[in-house]
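Every number here is computed from the coordinates shown, using simple stated rules; none is lab data. Here the structure is a predicted model, which is why all the values come from computation and not from measurement. Here the Cβ positions follow ideal geometry from the backbone for every residue, glycine too, while neighbour counts run over all protein chains shown.
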Amino acid sequence: MKKIIAGAILAASSTMAFAASPAGCGLGTAVVFKDANEWHEHVLAATTNGTSGNQTFGMTSGTLGCEAANGPLAGVQTFMDNNMDQLAMDVSKGQGETLDALAQIIGVQQSDTSAFNAAMQANFDSMFSAEATSATAYEGMQEAMQTSVELQKYLG
Amino acid sequence: MFFLKKSYAACFIISLLTPFQSYSAESSQTIQKISAMQQWQHLLHYRSHSILGYMESENDSDNFFISEMGKVDPHSELLAEVPLFAMQNQLDNESLQCRFPARYHWLKQFYPDWVDQPCSELSAWKDEIDAHKLTLIFPASYLNSPSSMYGHSLIRLDKEDESKSKLLSYSVNFAANADPTDNELVFSYKGLAGGYPGVVSILPYYAKVNEYSHLEHRDVWEYQLNLTEQEVDQFVNHIWETKETEFDYFFFDENCSYRLLALLDASSERINVADDFSLKAMPIDTIRSLIDSDKVGEVEYRPSSGVMLNQQQEQLSDEQKILAVNIVENVDLINDEEFLSLTSFEQAQVLEISISYLRYLVVKKKQRSPENRKKSLALLSARSKISVQDVFQPIVEPEVRDDQGHLTHRATVALGQQNGDGFIDLGMRIAYHELMDLPDGFIRGGQIEMGALTLRGINKDSTSRDDFSLQLQRFKVINILSLGARDYFQQPISWRVSTGFDRFILEGSDLFAHLDVGGGYSYDLSIKNKDKTSSDYGQIYGLLETRLKASGQFEDDYQLSAGAQIGWLYQGSQWQMKAHGSWLPSVLGDDFDYQDIVLSLGSKLDRNLQIRVEASQQWLTKSGRASDGDSVSLGLNWYF
């Protein structure tokens with residue numbers, strides 16, 4: 001049974017919505033599908049009215065903002081870090097909700113999203129290599145955008 | 001925070017010394033009146049103490065109040081706050097207005113002369129959150145975890161632009177803030193007893209989607225609330241007020257769902273829903289409550305990874321399915337003639353199913369390994385080389401939502417006969433659902449019952465009224481059964497845990513305490529027709545079980561038995577059928593073998609009314625001598 005970790009409690013900060021996770025940005029979450037609770041781990045939860053829903057509170061306390069990253073792509077890496085599995089699946093298909101969200105954080109306009117999606121899909125291998133982490137995926141994405149006429153402008 | 005409180009106190013004294021508006025007879029009357037208003041009580045989470053009857057706030061933090069008496073006295077709290085809200089020329093972020101913006105905003109209608117003070121931190125925070133609409137998020141129960149039937153709920157804060165990704169919205173959660181060093185038993189105990197503080201937190205919605213959709217394989221229902229912009233704004237203001245404060249957290253009543261309702265109550269005078277949940281809050285009931293009070297607009301469905309895999313694999317040919325599984329075994333098959341001879345559309349289908357299946361194995365079957373990681377990357381890479389999109393039909397929504405299923409409590413009246421004697425059963429169940437209950441809106445094969453009591457009146461001799469006796473027939477403390485049907489791709493384990501008090505249906509059997517544990521497999525019997533529809537023939541299951549019984553009626557006062565149960569279950573919308581038999585020889589303690597056969601047939605009369613017929617026969621064999629008992633009954637179940 002997972003434990004609740006205190007985190008991401010509302011914290012006032014002048015620039016950010018909430019305290020950023022201490023893990024910072026892109027410290028290397030790799031694409032490995034995470035595993036979930038086993039059946040016997042649910043038995044206890046059953047007696048406590050919905051704890052299974054609560055237990056993961058704060059486990060992924062990433063915020064949209066990310067203090068370590070600067071520039072126009074601040075926050076992108078945090079998002080990638082927290083969504084590596086789903087992002088890899090979407091990039092491989094060249095479509096999906098998580099890929100759409102990534103485009104929105106970067107600020108890709110509606111007219112450029114199909115170019116963005118195509119560029120991501122075409123560069124899957126450089127973003128998600130065998131040693132891929134969110135940091136290398138982030139670099140791979142930047143490189144892919146650099147080579148595209150439509151997407152260069154978003155790199156600032 | 002202590003410092004802050006002190007500085008407010010200092011201000012308060014100063015304001016007392018100035019000839020301020022607050023202490024005329026008229027204004028003291030106003031304060032009296034406002035402090036008695038329901039909205040003031042909602043804003044401070046005051047609730048009348050159930051036993052002693054006085055007002056007390058459910059917030060446990062000193063910094064949620066200004067007055068020393070704030071936790072128990074709405075009037076003195078208001079009296080302390082009004083002069084502070086009225087203060088002008090305050091430094092940025094320093095005024096009480098910045099600390100309690102929702103209270104300020106609501107009170108201002110009574111004090112129109114108040115001047116807004118600068119609160120740049122609050123403004124920046126609200127800009128970041130950018131909430132224009134609220135959506136109540138309810139993750140539905142999921143296969144193989146009946147405990148999730150209790151569910152969880154949270155509120156998503158949506159942006160104005162509908163085209164913005166919902167994943168990037170923030171969501172408000174209320175959860176127990178447990179001590180990570182506590183072990184699981186302590187965790188359960190403290191959670192039940194209120195040993196942990198509850199805190200409001202904000203997380204990006206994607207974090208919750210990853211957890212529910214992809215890890216737990218849980219469908220999510222999203223109920224858009226039709227609140228006004230002002231109400232949404234007040235909700236966000238109020239969330240700000242709860243920062244760095246703690247509420248009581250009890251799993252049964254003051255849990256996530258109850259608190260979310262209380263937070264909604266605080267955001268609008270129109271809303272008063274938390275009161276309905278004085279004893280316990282089931283997340284699904286909180287949603288029904290909001291629907292009943294017309295606060296819910298559109299409802300959206302977010303299918304889980306499990307549902308997607310299930311629906312998409314049905315669109316494959318048998319050859320494609322076999323190939324998809326084989327590819328997961330041996331990735332090199334994607335260079336083989338069999339795979340390459342497929343159209344690129346079919347290739348993309350096979351690869352996507354392979355990837356989903358591999359992910360299922362890792363997530364649900366704990367097959368996480370460097371090798372599987374390499375495989376998934378190879379398959380994803382192969383998929384990225386095919387530009388075809390949308391290779392599967394859109395996911396079909398369930399016809400009946402969770403909130404449209406039968407209600408939580410159940411009352412039962414049944415007439416029957418056991419071993420020739422007539423009986424009447426009166427039953428009451430606190431929660432929630434068993435396999436023979438009306439299945440619409442519930443996950444098939446999932447059962448969780450808590451606190452189910454049956455009283456039986458038996459008429460021994462039908463000719464005289466004197467021989468009528470009343471007895472506690474059965475009390476189910478907890479009764480969980482999960483029959484997850486196994487298919488080509490997904491292979492859940494079925495399991496059962498049940499504890500409580502029960503009787504044999506033999507003449508003169510006494511009540512015994514029992515604990516049953518079992519595990520096994522279940523298979524779907526539905527058959528796919530040529531025209532792509534499928535015929536439902538229910539599911540079969542088999543479980544290996546051990547049962548421990550304790551009572552003075554047994555030799556050595558107990559029996560431990562081990563054996564098997566097999567059964568067939570059909571959960572149609574109109575008709576419900578179940579047949580099962582079990583055989584449990586003794587292992588330790590009293591030496592008798594137990595066998596039974598139970599047949600049940602139910603039929604839906606209304607959304608919350610079911611008629612049910614049940615017949616059962618039991619055999620107990622001891623030292624070669626068998627005794628048996630039988631029972632038939634006809635009953636009505638009413639859900640409320």
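Structure notes:
- Distance between modelled label sites at B:R607 and B:Q311, nm, 7 Å Cα→Cβ extension: 2.3 nm
- Peptide ranges B:257-265, B:626-634 listed from the most packed, as the mean C-beta count within 10 angstrom indicates: B:257-265, B:626-634
- Global geometry of chain B, whether rounded, prolate or oblate, following the gyration tensor of its Cα atoms and the 1.5 cut on a/c: oblate
- Taking segment B:256-352 and dividing mean pair separation by its residue count, relative contact order in percent (alpha carbons under 8 Å, at least six apart): 18 percent
- Average beta-carbon neighbours from other chains, 10 Å sphere, peptide B:360-372: 3
- Separation between Cα centres of segment A:97-156 and segment B:60-100, rounded to whole Å: 49 Å
- Here the gap between B:K385 and B:D336, fully extended at 0.36 nm per residue and compared with their Cα-Cα distance, gives a gain of 16.0 nm.
- Peptide B:377-388 has a mean of 6 when you count, residue by residue, the C-beta atoms of other protein chains within 10 Å of its C-beta.
- Acute angle (nearest 10 degrees) that the helix B:318-329 long axis makes with the longest principal axis of chain B, alpha-carbon atoms: 70 degrees
- Sparsely packed GluC sites (Glu not before Pro) within segment B:56-119, loop by DSSP, other Cβ within 10 Å at most 11: none
- Expected 222 nm ellipticity per residue - DSSP helices of 4 or more, -39500 (n - 2.57), all of chain B, to 500: -8500 deg cm²/dmol
- Oblate is the label for segment B:101-140, because the ratio a/c of its alpha-carbon gyration tensor axes (a ≥ b ≥ c) is 1.5 or higher and a/b is not greater than b/c.
- Sorted by Cβ density within 10 Å, fewest first, the residues B:E121, B:E371, B:E338, B:E545: B:E371, B:E338, B:E121, B:E545
- Distance between the modelled labels on B:W114 and A:T147, one decimal in nanometres: 6.0 nm (7 Å Cα→Cβ projection).
- If you take the Cα centroid of segment B:379-449 and the Cα centroid of segment B:316-344, the two points sit 35 Å apart.
- Helix B:184-193 vs. chain B, principal-axis angle (Cα, 0 to 90°, nearest 10): 60 degrees
- Segment B:405-639 shape via C-alpha gyration tensor axes, a/c threshold 1.5: oblate
- Mean per-residue shielding of peptide B:205-215 is 6, counting Cβ atoms of other chains within 10 Å of each Cβ.
- Rounded to 10°, Cα long-axis angle of helix B:2-17 versus longest principal axis of chain B: 40 degrees
- Using a cut-off of 18 Å between Cα atoms, the listed pairs B:K126/B:K243; B:K33/B:K108; B:K166/B:K385; B:K126/B:K159 include B:K166/B:K385 as exceeding that distance.
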